[in-house]
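The values are calculated or read from the model by the stated rules, or taken from the named source; none is laboratory data. Everything quoted here is computed from the prediction, not taken from an experiment. Backbone-built Cβ (ideal geometry, glycine too); neighbour counts: all protein chains shown. Heads up: the accessible areas ignore ligands, DNA and RNA and are worked out on the full protein's heavy atoms, side chains in. Shrake-Rupley method; radii C 1.70, N 1.55, O 1.52, S 1.80 Å.
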Amino acid sequence: MQRLLHTPLALLLRRILTLYVVLWLCRILFYSYNHVQLGAIGWPEVGALLRGALLFDTASVLYANALFVVLSLLPFEFCCGPRYQKMLFWYYTAVNFVLIVAANLADAVYFHYTQKRITADEFLFADNDNSLLLVFKFMGENWPLLLAALALGGHLDHSRVRKTRREVHRRDGDALGAVQAQGVGVLALQELQR
């Protein structure tokens, strides 16, 4: 059993589960940031909301990580080498930071101002001269969410590996890094609730 926990498949599963945790934390941040506009959620609604969230998160994870899953499951010996594993890690971290973390937290800010979710039409609007200035302005105004994004990015880093043979080991100090990232996330959440 111990040997199965240190295989590339186990690492892939740990990374995918980490994404579900990150998406759940993004959802909590979204609600915390927009709780005035959304109102209270009653207990009868929770079951349907959790089911819908799981379905939506699964689609998000599949869209964002289909190539990553295929690359992780290739049955070649070089796939266990340190360069390949490092490439996979950076691909996983960059893609999921942009498509999962940044997109979800940008959606929280967008909803706060417009009371609607981001769609593809908004990206067409973003093709004007001051879009970059607006992004930096919103980042400055919503710095707790920026800190939360960095903390969630650190949580994605939790899946980094140090040795990549047939047995994959976690890097020393992962527990401390995860605690630090979650601590920053808690501080950002407290700031949002003020």
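Okay, here's what the table says:
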item: Filter pass, Tyr63 being assigned to a helix (DSSP H, G or I) and more than 17 Å from Ala106 (Cα to Cα); result: yes
item: Selected residue (only one of Tyr33, Tyr84, Tyr110 is free of Cβ contacts under 8 Å to residues at least 40 places away in the same chain, in a helix (DSSP H, G or I), of a type outside the set (A, V, I, L, M) and surrounded by 13 or more Cβ atoms within 10 Å (Cβ to Cβ)); result: Tyr110
item: Where Tyr92 falls short, out of the listed (1) surrounded by 17 or more Cβ atoms within 10 Å (Cβ to Cβ); (2) over 14 Å from Pro8 (Cβ atoms); (3) among the hydroxyl-bearing types (Ser, Thr, Tyr); result: (2)
item: Single residue of Arg170, Arg117 found to be open to solvent by 70 Å² or more (accessible area, probe 1.4 Å), within 21 Å of the chain's Cα centre (by Cα) and modelled with pLDDT of 75 or more; result: Arg117
item: Answer from Ile28, Ile16 - the residue that is surrounded by fewer than 15 Cβ atoms within 10 Å (Cβ to Cβ), at negative phi, touching a residue at least 40 places away in the same chain (Cβ under 8 Å) and under 13 Å from the mean Cα position of the chain (by Cα); result: Ile28
item: Residue in the stretch 1-13 that is nearest to Leu74 (Cα to Cα), counting only those that are open to solvent by 80 Å² or more (accessible area, probe 1.4 Å) and outside any helix (DSSP H, G or I); result: Arg3
item: Hits in the stretch 39-85 - residues which are closer than 21 Å to Val22 by Cβ and of a type outside the set (A, V, I, L, M); result: Arg51, Gly52, Phe56, Asp57, Thr58, Ser60, Tyr63, Asn65, Phe68, Ser72, Gln85
item: Odd one out for Leu62 among (1) among the hydrophobic types (A, V, I, L, M, F, W, C); (2) open to solvent by 70 Å² or more (accessible area, probe 1.4 Å); (3) under 30 Å from Gly140 (Cα atoms); result: (3)
